[in-house]
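K.L.:
Questions regarding the structure given below will be posed in turn.
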């Protein structure tokens, strides 16, 4: 059973470009979470999604950031018009329905975004 | 708002010795979970141990155990018989019950196990 798969592992963008980060949850997991880790900091919650639904996006910046988890395919975190402050590691995690509120998450290895 | 504080940015321990990592948190909630996650150089976050706030008994997972002091809002991690593979960043995390796995993480403690 493959773990949570994130790609790309490393992404370099110039200011003003768009970044798309993809996350395939573990097989059988219907819940996806995105977290951001800035340098020297712990992870910070961004958004929680189920298939075709955003459940909680209270951690998402109001502008330029969006996330989706379509019926088919991976979850996508999209950052438009990137700025240097967006440089960070973005982690995806997934859980099955039965642990959606118990903290039992499985994390991917993260995608490191560097904005030049 | 919830906050999690790890006051030890870096620690080291000799192989086979015991080390304790500190964590305090602040919350007005009564029902919550506490966690320790490990982040090795590969950067993947790995769950080490989990504690439900309503349980008085401290959680234990093999060489890892916690000292949970609810009144003091303290949640330390003890690693016994340290191994080289324990070298990693360790993050303490808090989660309110029924909030869809929304964690609050501390800033981490970098642990180095010295051969």
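K.L.:
Could I get the Rg over Rh figure for region A:20-67? Both from C-alpha atoms, Rh via Kirkwood, rounded to two places.
P.N.:
Taking Rh as the inverse mean 1/r over Cα pairs, Rg/Rh reads 0.98.
K.L.:
Over the alpha carbons of chain A, what is the largest minus smallest coordinate on each principal axis, giving the biggest first in Å?
P.N.:
So the extents along the principal axes, rounded to whole Å, are 40, 25, 23.
K.L.:
For chain A, what is the relative contact order in percent, using Cα pairs closer than 8 Å and at least 6 residues apart in sequence?
P.N.:
37
K.L.:
Right, another one. To make sure I understand, if each residue's beta carbon is the centre and we count other beta carbons within 10 Å, what order do A:56, B:26 fall in, fewest to most?
P.N.:
B:26, A:56
K.L.:
Another question about this same structure. Work out the mean other chain Cβ neighbour count within 10 Å for the residues of B:38-50 and drop it here as an integer.
P.N.:
Counting Cβ atoms of other protein chains within 10 Å of each residue's Cβ and averaging gives 4.
K.L.:
Calculate the radius of gyration of the Cα atoms of region A:64-116 to one decimal place, then report Dmax, the largest Cα-Cα distance, as a whole number, both in Å.
P.N.:
Using the Cα atoms of region A:64-116, the pair Rg, Dmax is 13.5, 41 Å.
K.L.:
Per-residue Cβ counts within 10 Å, from other chains only, averaged over A:39-48: what number is that?
P.N.:
On the way: counts 0, 3, 4, 14, 10, 3, 8, 1, 1, 4.
So the per-residue partner count for this stretch is 5.
K.L.:
By per-residue mean of other Cβ atoms within 10 Å, what is the highest-first order of A:61-74, B:85-98?
P.N.:
Working: A:61-74: 13.5, B:85-98: 20.0.
Peptide ranking by packing, descending: B:85-98, A:61-74.
K.L.:
Right, another one. Relative contact order of chain B, please, whole-number percent, based on alpha carbon pairs below 8 angstrom and at least 6 residues apart.
P.N.:
Here the relative contact order equals 37 percent.
K.L.:
When 1/r is averaged over all different Cα pairs and the result inverted, which Kirkwood radius in Å belongs to the protein assembly as shown?
P.N.:
Mean inverse Cα-Cα distance, inverted, gives 18.2 Å.
K.L.:
Please compute, for the alpha-carbon atoms of region B:1-57, the extent along each of the three principal axes and give them in descending order in Å.
P.N.:
Over region B:1-57, Cα extents along the principal axes are 37, 25, 20 Å.
K.L.:
Could you give me D for chain B, from Stokes-Einstein at 4 °C and 1.567 mPa s, where the hydrodynamic radius is the Kirkwood radius over C-alpha pairs? Units µm² s⁻¹, please.
P.N.:
This corresponds to a translational diffusion coefficient of 91 µm²/s.
Quick note: the coordinates plus some simple rules give every number you see, no bench work behind them. Being a predicted model, the structure only gives us computed values, none of them experimental. Backbone-built Cβ (ideal geometry, glycine too); neighbour counts: all protein chains shown.
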